[in-house]
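Have a look at the structure below, then the notes.
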Amino acid sequence: MKFDPRFLLRLFLGFVFLSAGTYRIFHWQEALAEISTLHLPLIPLMSFLVITLEIIGGLMLIFNLKSKWVVMVFTVFLAITLLQTLLFSLNTITANFGELFFYSLTPTDFFLHVTYLVILLYLFLAHQQNNSK
């Protein structure tokens, strides 16, 4: 049986979304503040929906249940979130653009580099699998 590198990405993203939703439960005020920056209506309801989506979707990715649909939902969710961020916070993003190129000892930077590592592992494993055929 050959290893499918997509398993690694599915599992990784499942744990990312599951942990994000769980974190928001225990840090409800921060979750509300985060949703409010996106200028969405009904902030408590939207926060609850985001948490529910992240936890249920994360678990579904981990256990490979309806993964294609979950990936599609998360893709739309992230695209909308990024668009909202660009619309309402472009000045803040451009003012802090330089931080992309310096590693700082923050949880965000650490997680970003773990993400790079997972992508690199996926590319390596996919390459190995393609060369073994």
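Odds and ends about this structure:
- Rg in Å to one decimal, and Dmax rounded to a whole Å, for the chain via C-alpha atoms: 17.0, 53
- Between helix 107-131 and the chain: long-axis angle, C-alpha atoms, 0 to 90°, nearest 10: 30
- Debye-formula intensities of segment 5-63, expressed as log10 I(q)/I(0) at q = 0.15, 0.24, 0.27 Å⁻¹, are -0.45, -0.86, -0.97 (one equal scatterer per alpha-carbon, no solvent).
- Here the accessible area of segment 3-67 is 77 percent carbon and sulfur, with a 1.4 angstrom probe and all protein chains present.
- FRET efficiency for L117 and M72, using Cβ-Cβ distance with R0 set to 30 Å, rounded to 0.05: 0.70
- Amide hydrogen neighbours beyond the local backbone of K66, cut-off 5 Å, H modeled: none
- Once the Cβ-Cβ distance of I80 and Y103 is raised to the sixth power relative to R0 = 30 Å, the FRET efficiency obtained is 0.55.
- C-alpha long axis of helix 43-62 to longest principal axis of the chain, angle in °: 10
- Sites counted here are chymotrypsin sites (Phe, Trp or Tyr not before Pro) in a DSSP loop (not H, G, I, E or B) having no more than 11 other Cβ atoms within 10 Å; the longest part of the chain that contains none of them is 4-101.
- Sites matching trypsin sites (Lys or Arg not before Pro) across segment 1-90 that sit in DSSP coil, with at most 11 neighbouring C-beta atoms within 10 Å: K2
- With respect to the chain, whose longest principal axis is taken over its alpha-carbon atoms, helix 67-95 is tilted by about 50°.
The values are calculated or read from the model by the stated rules, or taken from the named source; none is laboratory data. Please read all numbers here as calculations on a predicted model, not as lab measurements. Note: ideal-geometry Cβ built from the backbone for every residue, glycine included; neighbour counts use all protein chains shown. These accessible areas exclude ligands, DNA and RNA; they are computed on the full protein's heavy atoms, side chains included. Shrake-Rupley method; radii C 1.70, N 1.55, O 1.52, S 1.80 Å.
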